[in-house]
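Each value in this text was obtained by applying a stated rule to the coordinates, not by laboratory testing. This is a predicted model, so every value here is computed, not measured. Backbone-built Cβ (ideal geometry, glycine too); neighbour counts: all protein chains shown.
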Amino acid sequence: MEHDLIVIGGGAAGMMAAICAAEAGCKVCLLERNPKLGRKLYITGKGRCNLTNHCPSEEVLANTPRNSRFLYSAMARTSPAWVEDFFQSLGVELKVERGNRVFPASDHASDIIDALFFRLRKLNVTIIQDRAVSITEDSGVVSVVEGESGTYPCKAVVLATGGVSYPATGSTGDGYEMASKLGHSVVAPKPSLVPLESEDAFCGQMQGLALKNISLKVKNKKGKVVYQEQGELLFTHFGLSGPLVLSASAHMRDFEKEQYTCVIDLKPALDEQKLDARLLREFGENTNKDFQNVLGALVPRLMVPVMVELTGIPADRKVHEITKGGRRRLLETLKGLRINITGPRPIREAIITSGGIKVGEVDPKTMASKKVEGLYLAGEVLDVDAYTGGFNLQIAWATGRVAGECAAAYVAGRSE
Ligand SMILES: Cc1cc2nc3c(=O)[nH]c(=O)nc-3n(C[C@H](O)[C@H](O)[C@H](O)COP(=O)(O)OP(=O)(O)OC[C@H]3O[C@@H](n4cnc5c(N)ncnc54)[C@H](O)[C@@H]3O)c2cc1C
């Protein structure tokens with residue numbers, strides 16, 4: 001059976017594009033290389049899928065540090081409220097959590113995938129498991145998608161193959177290659193929302209330690225604060241991870257030229273004066289105890305040897321022997337534990353790929369390629385990326401919808 005439209009990639013953007021095109025009356029075939037659709041969606045939000053953010057479209061744009069202007073039109077057409085209504089109309093109950101993050105009420109990402117899958121089936125979208133390898137054009141118009149196992153003639157194509165992070169989910173950058181062969185430029189992919197590496201040995205010593213309610217500041221080499229937030233952080237064998245660190249990494253956009261330092265305030269609720277009073281009280285009540293024992297009341301166990309090392313106060317020093325200068329060093333370390341960052345973890349470990357198909361070569365109103373007629377692009381394959389909070393999926397839904405609807409309108413126009 002010949003299809004009007006081939007959608008390449010059964011992720012968030014591709015499924016939305018296929019649904020919207022089919023709703024507009026287009027004969028759609030969805031090609032997905034994996035046996036199941038939405039493999040990446042399945043692991044989003046730790047398996048709970050933070051599918052959007054309950055906020056106005058302007059806020060989505062404000063949370064998109066890269067090429068947000070390109071998304072103006074798509075977000076005006078498809079707001080987070082539209083996305084919420086869409087999933088609710090498919091029978092998925094939703095809930096809003098801290099930071100306006102929207103999740104399925106069941107806490108199961110699979111509910112989102114199932115809802116999309118049943119809608120695709122209802123609309124008679126053909127779903128084929130095949131890996132697309134190239135898109136052929138004929139006199140500047142797309143005509144065929146070549147797959148590893150089949151050939152798919154068509155009038156239009158939506159390319160929604162995602163980025164290159166978490167490649168085990170199927171997103172391995174195939175779309176970049178297919179688009180480049182059609183004349184598109186690809187901005188070199190970089191990791192974003194990614195754990196950070198440090199050569200400071202104490203990170204490894206504290207491996208597995210999760211700190212809640214700490215404050216993190218990231219400074220560049222000029223000492224300018226590029227990120228500051230309170231939340232949760234995790235020490236690992238390579239450096240730092242956890243929600244706060246992933247969010248911070250999106251603001252550290254120039255690892256080639258910059259040197260970043262993370263500064264952790266372990267006691268953000270206490271200013272220096274209050275913390276000093278607390279230390280004096282702790283010391284006063286334990287004058288004959290060893291320093292390391294008193295530290296145990298101030299920081300987690302795994303951090304005690306690190307504090308000993310960083311303050312230079314011997315572990316067995318009696319508390320009454322600690323000088324004012326020693327107490328000051330302890331206070332400064334508690335309020336500003338410095339970690340030098342050497343770089344991000346590899347892109348395969350990043351939540352998001354920053355970079356991708358250059359947005360200047362795509363019409364923001366329709367997601368149509370400016371290089372070849374009949375080609376539409378959607379989702380993470382494009383050079384757009386946002387912070388955490390459901391914004392990246394919001395981008396995938398919004399661009400997927402525009403690409404699907406506009407591809408369907410294009411096909412209808414050609415058939416007239
Ligand atoms: C661990 C993790 C957690 C995340 N959590 C969240 C979250 O809670 N909220 C949020 O907003 N964002 C989250 N994200 C980001 C979000 O998942 C992505 O932004 C989103 O999935 C992008 O959608 P997409 O459709 O463009 O690409 P993808 O979801 O990557 O889908 C692309 C699809 O194309 C298929 N494909 C690739 N090449 C081919 C080919 N040649 N032929 C056929 N098929 C092909 C792939 O197999 C894949 O199924 C998370 C990401 C990760 C890795």
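How would you classify region 205-340 from its alpha-carbon gyration tensor, with a ≥ b ≥ c the square roots of the eigenvalues: rounded for a/c under 1.5, else prolate if a/b is greater than b/c, otherwise oblate?
Details: a/c = 2.19, a/b = 1.96, b/c = 1.12.
Cα axes put region 205-340 in the prolate bin.
Taking the Cα atoms only, what angle lies between the long axis of helix 272-285 and the longest principal axis of the chain, rounded to 10 degrees?
For 272-285 against the chain, the angle is about 50 degrees.
Pairing the Cα long axis of helix 109-122 with the longest principal axis of the chain, what angle in degrees results, from 0 to 90 and rounded to the nearest 10?
Rounded to the nearest ten degrees, it is 0.
Grab the other residues whose beta carbon is less than 15 angstrom from that of ILE322, score K and R as +1, D and E as -1, and report the net.
+2
Of THR342, GLY326, LEU298, whose Cα points farthest to the positive end of the dipole of region 263-383 (charges on the beta-carbon: +1 Lys, Arg; -1 Asp, Glu; origin at the Cα centre)?
Sorting the options by dipole projection puts first GLY326.
Using the Cβ atoms and a cut-off under 14 Å, what net charge is assigned to the surroundings of ALA81, where Lys and Arg are +1 and Asp and Glu are -1?
Value of the local net charge: -2.
So what is the relative contact order for the chain, in percent, with contacts set as C-alpha pairs under 8 Å and at least six apart? Intermediate values should be presented prior to the final figure.
Details: 942 pairs, mean separation 106.2, N = 416.
Result for the chain is 26 percent.
In whole Å, how far is the Cα centre of region 206-279 from that of region 321-369?
Using only Cα atoms to place each centre, the spacing works out to 9 Å.
What is the helix-to-structure angle for 80-89, meaning the angle in degrees between its Cα long axis and the longest Cα principal axis of the chain, kept from 0 to 90 and rounded to the nearest 10?
The two axes meet at around 70 degrees.
Please give the peptides 315-326, 84-95, 24-35, 61-72 ranked by average Cβ packing (other Cβ atoms within 10 Å per residue), highest first, as a rough proxy for protection.
Top to bottom by mean Cβ count within 10 Å: 24-35, 61-72, 84-95, 315-326.
Explain nothing, just the number: dipole magnitude of the chain about its Cα centre with +1 on each Lys and Arg Cβ and -1 on each Asp and Glu Cβ, in debye rounded to the nearest 20.
Using Cβ point charges on Lys, Arg, Asp and Glu, the chain gives about 1200 debye.
Have a look at SER165, ILE135, ALA22 and report the one farthest towards the positive end of the charge dipole of the chain, computed about the Cα centre with Cβ charges (Lys/Arg +1, Asp/Glu -1).
Towards the positive end, the residue furthest out is SER165.
Quick check on the exposure proxy: order TYR376, TYR166, TYR176 from fewest to most C-beta atoms within 10 angstrom.
With the sparsest Cβ surroundings first, the list reads TYR166, TYR176, TYR376.
For ASP85 and LYS274, calculate 0.36 nm times their separation in residues minus their Cα-Cα distance, and state this gained length in nm to one decimal. Don't jump to the answer; show the numbers that get you there.
On the way: separation 189, 0.36 × 189 = 68.04 nm, distance 4.85 nm.
Answer, rounded to one decimal: 63.2 nm.
For region 299-392, calculate the relative contact order in percent as a whole number, restricting contacts to Cα pairs under 8 Å that are 6 or more residues apart.
Numbers: 59 pairs, mean separation 17.4, N = 94.
Dividing the mean separation by the residue count of region 299-392 yields 19 percent.
Using the count of nearby Cβ atoms within 10 Å as a rough guide to exposure, how do VAL133, VAL306 rank from fewest to most? Don't skip to the answer; put the middle values down first.
Numbers: VAL133 12, VAL306 22.
Going from least to most buried by this count: VAL133, VAL306.
Taking the Cα centre of region 217-317 as the origin, how large is its charge dipole in debye, to the nearest 20, when only Lys and Arg (+1) and Asp and Glu (-1) carry charge on their Cβ atoms?
Working: 14 positive and 14 negative charges, 51 e Å.
Result for region 217-317 is approximately 240 debye, rounded to the nearest 20.
At what distance in angstrom do the alpha carbon centres of region 41-65 and region 165-182 lie from each other?
22
Shape call for the chain from the C-alpha gyration tensor, a ≥ b ≥ c root eigenvalues: rounded (a/c under 1.5), prolate (a/b greater than b/c) or oblate?
Verdict is prolate for the chain.
Please arrange THR78, THR311, THR161 by counting, for each residue, the other beta carbons lying within 10 Å of its beta carbon, fewest first.
By the 10 Å Cβ count, ascending: THR311, THR78, THR161.
Treat every Asp and Glu Cβ in region 288-416 as -1 and every Lys and Arg Cβ as +1, leave all other atoms uncharged, and give the resulting dipole magnitude about the Cα centre to the nearest 20 debye.
Dipole about the Cα centre, nearest 20: 860 debye.
How high is the FRET efficiency between GLU416 and SER73 when r is their beta carbon distance and R₀ equals 25 Å, given to the nearest 0.05?
Using R0 = 25 Å, I get an efficiency of 0.50.
Where Lys and Arg each count +1 and Asp and Glu each count -1, what net charge lies around ASP290 among other residues with Cβ under 11 Å from its Cβ?
Summing Lys/Arg as +1 and Asp/Glu as -1 gives +1.
Quick one: if you stick a label point 7 Å off each Cα along the C-beta vector at ALA188 and SER149, how many nm between them?
In this crude label model, ALA188 to SER149 measures out at 3.7 nm.
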